[in-house]
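S.K.: Have a look at the structure that comes next, please.
Derivation of every value follows stated rules applied to the coordinates shown; laboratory data play no part. These numbers come from a predicted model, not from an experiment. Reconstructed Cβ throughout: ideal geometry from the backbone, glycine too, with neighbour counts over all protein chains shown.
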Amino acid sequence: MWTRRAFMKGSGVALFSLSFGGTPLFLSRAADAAHHAGANHRRKILVTIFQRGAMDGLMAVTPYNDPELPGFRPQLFMQPGQAKDSPIDLDGHYAFHPAFTPMVDYFKEGRLAIVHGVGSPEPTRSHFDAQDYMENGTPGVKSTRSGWLNRAVGLLGHEGTPFRAVSMTQALPRSFYGSAPALAIANLRDFGIRAPGDNQSKERVEAGFEHLYQMASKNLLKRVANESFDAIDMMAKIDVLNYKPAKGAKYPNNSPLGNRLRQIAQLVKAEVGLEVAFTETGGWDTHVQQGTTVGSFSRRATDLSKAINAFWTDLGPYQDDVVLITMTEFGRTVRQNGSRGTDHGRGSCLFVLGNSVDGGKVHGTVPVLATENLADGRDLPVTTDFRSVFSEVAGKHLNIKPEDDAKLFPGWTGQRLPLIKS
């Protein structure tokens, strides 16, 4: 028989689900999984960051001794040197933009890998289409209903908690669309049982649920008001408001990305069963006044690198469990435009951070940037399909078998790019 207590607990979760893009059925499954023996013991965790807007990979990691690049970018090209704000030489060919200084030591220690010339084989220059293709994992196919991270969760092969897959965003990203359980949480402080739009007292929330209880279909709500669902109880055990990052972890001030990564670190260390996390950062569309050491690119890169550095420091002993990967929908044109910015291009670069990563290297291929070597005569060509990277990182770190790559990325027949140590 239904009780008001069961209804209030279940319907509160249902409201959360509906407001964040999930379904009652998936929450019911998550509830049952939470009580499975061993579901929330310490596991490997993949953290993903989507850089929306298309990062200029040639500015982030510059092939500074390419003979053609200075001519293409007279106001944007930078050469390594002795000045404090000079690019940082990585290997005699590539240099980090100075804004990425907080990540240089990880590269030198062999924990940070860079993949250059990476992107999608679909040549669209639309942000929306390119982002969808990357999150769905099926370039050029708009009919795919699930996201690659959701499919990865479905291939893990073991039970999980309601916090197995979490996106620290306002709404569920396309990467997490699908049948596997996933949550979108804008802020851990707001995670709880509330009526939509009601920020008042617990009594008002309960009164609202009483009204819903009288009107609801018991058969429908029975799917979600499972007494075993304890996501809220699990979160209540975490002292969200008084969280103190580890010593030396300095998240950038007033940074949405920094705040989201801080909360992901909190979930990791709380051992609530997190296995796949997603968040995002915008502002990478640098058409106008891109700048060098000052400008829109430098501001975004500074925020990204400081946030990642703080997150990694904050993890402390949990670093062995975590691999972090960045992604962006496409790169920028090799030639600067008339507004001293760069336009929509093709290939870019991404970062993979982890103690098991084959780091200290720039993987992938960037040809000499002569016009005849460029995609459409203007762009860094895509020489590494993003699925080669994603399948390697998710596969090796989360123990997804190579024979399941066709399920992870339907229609893809490529090979994994070796990035994770055996």
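S.K.: With labels modelled as points extended 7 Å from the Cα through the Cβ direction, what inter-label distance (nm, one decimal) is found for GLN75 paired with ASN399?
M.R.: If labels sit at GLN75 and ASN399, their model points lie 5.4 nm apart.
S.K.: Let me ask something else. Mind giving me the nanometre distance, one decimal, between the label points for HIS127 and LYS407, set 7 Å out from Cα along Cα→Cβ?
M.R.: Label at HIS127, label at LYS407, 3.6 nm between them.
S.K.: Please give me, ordered by residue number, the GluC sites (Glu not before Pro) of region 45-139 that lie in loop per DSSP and have at most 13 other Cβ atoms within 10 Å.
M.R.: Sparse-neighbourhood loop GluC sites (Glu not before Pro): GLU109.
S.K.: Turning to a different aspect of this structure: Could you tell me which of the pairs LYS84/LYS247; LYS361/LYS396; LYS237/LYS306; LYS44/LYS407; LYS401/LYS421; LYS44/LYS269 are separated by over 22 angstrom between their Cα atoms in the structure shown?
M.R.: Checking Cα-Cα distances, LYS84/LYS247; LYS237/LYS306 exceed 22 Å.
S.K.: Now, a different point. For HIS363, HIS93, which order do you get if you count the other beta carbons within 10 Å of each Cβ and list the fewest first?
M.R.: Working: HIS363 21, HIS93 13.
Fewest-to-most Cβ neighbours within 10 Å comes out as HIS93, HIS363.
S.K.: What order do you get for LEU353, LEU274 when you list them from fewest to most C-beta neighbours inside 10 Å?
M.R.: Numbers: LEU353 23, LEU274 26.
Listing LEU353, LEU274 from fewest to most nearby Cβ atoms yields LEU353, LEU274.
S.K.: Mind checking which of SER305, GLN415, SER339 is farthest towards the positive end of region 267-422's charge dipole, using Cβ charges of +1 (Lys, Arg) and -1 (Asp, Glu) about the Cα centre?
M.R.: SER339
S.K.: Continuing with this model, one more query. To the nearest Å, what is the center-to-center distance of region 311-368 and region 95-111, using C-alpha atoms only?
M.R.: Going from one Cα centre to the other spans 11 Å.
S.K.: Sort HIS287, HIS97 by Cβ crowding within 10 Å, fewest neighbours at the top.
M.R.: Ordered by Cβ neighbours within 10 Å, fewest first: HIS287, HIS97.
S.K.: Mind giving me the FRET efficiency for LYS84 and ASN355? R0 is 45 Å, r the Cβ-Cβ distance, nearest 0.05 is fine.
M.R.: Once the sixth-power term is evaluated, E becomes 0.90.
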